[in-house]
Protein chains: 2
Amino acid sequence: MREFVKVNEAIEDYLKTIYNIQDEHGKVSTTMLAKQMNIAPSSATGMIKKLARLNLVTYEPYRGIQLTSHGRKVALEVLRHHRLIELYLVEALGMRWDEVHHEAEKLEHVISKSLIERIDSYLGHPAVDPHGAPIPDRHGKVESTPGVKLADLKSGQCGVVSEVNDRDSEMLRYLAELGIFPNARIKVLNIAPFQGPMSISIEGEERLIWIELAKSIFVKLLPENTEGCRDNQQKNKNVSDNL
Amino acid sequence: MREFVKVNEAIEDYLKTIYNIQDEHGKVSTTMLAKQMNIAPSSATGMIKKLARLNLVTYEPYRGIQLTSHGRKVALEVLRHHRLIELYLVEALGMRWDEVHHEAEKLEHVISKSLIERIDSYLGHPAVDPHGAPIPDRHGKVESTPGVKLADLKSGQCGVVSEVNDRDSEMLRYLAELGIFPNARIKVLNIAPFQGPMSISIEGEERLIWIELAKSIFVKLLPENTEGCRDNQQKNKNVSDNL
DNA sequence: TCTCATTTTTAGGTGCACCTAAATCCAGTT
DNA sequence: AACTGGATTTAGGTGCACCTAAAAATGAGA
């Protein structure tokens, strides 16, 4: 309720992670939280009780966790920091998109309001980070247009990559090799049965990708037989420069 | 001795502070350390014992503290981070010179090697930070040409500002108002007795400054009656833009 | 409705960096 | 050589975020 709860780094990480899990799975359990944060489940329980005391989450034992509006606001602030920093490091300092997540995880907690606003201005108040994730604005508003998993597309469908998971840097390097970035055009050519690989065309280049990988890639579906669905050659400029 | 001591944020702050005190006072006592870090003297004693165990300092109870070569190396790394960050924030993001110390105090501990090297390259491997403090190079080498305190100059002497204390941001705003930056030319006109104010000319403008303040300003002495000692009008460009 | 594997919480404990209060050391008078 | 005030260390304690092990609740299938 009151604005003036003292939020430290640990709390910020919990709230951010709760937000992300809520975003992806709907419900948030202490076990999922613990797994995501690499801590023991009992540690999560303890901390959640504290967050509940601070009015940052509501918590019903055995039933799950939900962010309060205040908790959500803090989570979105951290996310804003994270994503602006990621983009800044790519745009202003030429870091690779697979390096920036790790760096942002640390910087997001210590950067001042004043500095983050300068970065936001420098970047021209961008809407998405280098992995396609939407950047909350100063007031905690997010454009969340999630898209669908590439893995859920059928043969012949096409789309534009909207977002990829930023947590696994090895995966990001591999995606870069394949030419998979936000805004890349993809067409599903063929799907092998039994969790086999998917054959797709990326900006006109034919590739095979493992179905598990395709679950980490989100696309905006294009109507079949639009012109976009016939192997448009235009490459995404901004991001592919930073391999 | 071994390289692989796990150095955390607290340890980095201790080593940095010990370095700074050693630089300024020669000897380092637990009490001075505690005062500088705003902690209880007993806390400093405890931590110093730990640092000694880790071979980062040598410590003789009641006699003082000294950095080992390894401790010194860590301190200089942190200092390098601090000063590069300060300069970067001024140069690349237009922050004021009185804001950047506070920001750098937090960023210095979490920034990666890779990012700091990018920043160093971006800045062209600069020699000094916005307050004139020398930036250690990647291998821990520092150019320390300290200069003398403005407060120690006599009437008629002149010099070029080499460094000012970066810790007090209110003071920095005041110095900016007076036109006192690194590279500003100063001539001492008159010194009032009994710790009174000093009358000086800064880039040709006559000002009064309190003697205590003059102890935080370091200058490189110019021979009297050089041309530089006759109120050269040229202003320092880079820094005075960021008031 | 009962059973039982899984999830979740409770109980008790750790290391860390800090604290206050009390004891001890040290150096400069007398 | 004893005194004494300031510097320094020791002793004992705190909150925090984590841990392991054990107990308890849940809910899905028999």
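Please treat every number below as a calculation from the coordinates, not as lab data. Since the structure is predicted, the reported quantities are computational estimates derived from the model, not experimental observations. Virtual Cβ from ideal backbone geometry, glycine too; neighbours counted across all protein chains shown.
Can you compute the charge dipole magnitude of chain A about its Cα centre, using +1 on each Lys and Arg Cβ and -1 on each Asp and Glu Cβ, nothing else charged? Give it in debye, rounded to the nearest 20.
920
Taking chain A as the reference, fit the longest principal axis to its C-alpha atoms, fit the long axis of helix A:9-25 to the helix C-alpha atoms, and give the angle between the two in degrees, 0 to 90, nearest 10.
Roughly 50 degrees, rounded to the nearest 10.
Evaluate 2.2 N^0.38 Å with N set to the residue count of region B:5-155, then give the Cα radius of gyration divided by it.
With N residues counted in region B:5-155, Rg over 2.2 N^0.38 Å equals 1.09.
In the protein assembly as shown, if the dipole is taken from +1 on Lys/Arg beta carbons and -1 on Asp/Glu beta carbons about the Cα centre, which of B:Ala34, B:Leu175, A:Pro41 is farthest to the positive end?
Going by the charge dipole, the pick is A:Pro41.
Sort shortest first the distances from B:Gly204 to its counterpart in every other copy, using label points 7 Å along the Cα-to-beta-carbon line, and give them in nm.
Going from nearest to farthest copy, the values are 6.3 nm.
Once label points are set 7 Å from the Cα along Cα→Cβ at both A:Glu177 and B:Ala92, what is their separation, rounded to one decimal in nm?
Going by the 7 Å Cα→Cβ label model, 2.9 nm.
Grab the alpha carbons of region B:72-167, take their convex hull, and tell me the volume per residue in Å³.
Details: hull volume 10.6 nm³, N = 96.
Output value, Cα hull per residue: 110 Å³.
Separation between the B:Arg138 and A:Arg207 pseudo-spin-labels, each 7 Å from Cα along Cα→Cβ, expressed in nm?
Reported label-point gap for B:Arg138 and A:Arg207 is 3.2 nm.
Taking neighbour counts of Cβ atoms within 10 Å as a proxy for exposure, in what order, fewest first, do B:Lys187, B:Lys49, B:Lys154 appear?
Numbers: B:Lys187 24, B:Lys49 13, B:Lys154 8.
The order, fewest Cβ neighbours first, is B:Lys154, B:Lys49, B:Lys187.
What value, in deg cm²/dmol to 500, does the helix sum -39500 (n - 2.57) over DSSP H runs of n ≥ 4 give at 222 nm once divided by the residues of chain A? Walk me through the numbers before you get to the answer.
On the way: 8 runs with 95 residues, N = 243.
Computed mean residue ellipticity for chain A: -12000 deg cm²/dmol.
Which log10 I(q)/I(0) values, to two decimals, does region B:9-67 give at q = 0.17, 0.21, 0.24 Å⁻¹ under the Debye formula with one point per Cα?
With one equal scatterer per Cα and no solvent, log10 I(q)/I(0) is -0.44, -0.69, -0.94.
Using the Kirkwood formula on the Cα atoms of the protein assembly as shown, what hydrodynamic radius do you get, in angstrom to one decimal?
Evaluated on the protein assembly as shown, it is 26.2 Å.
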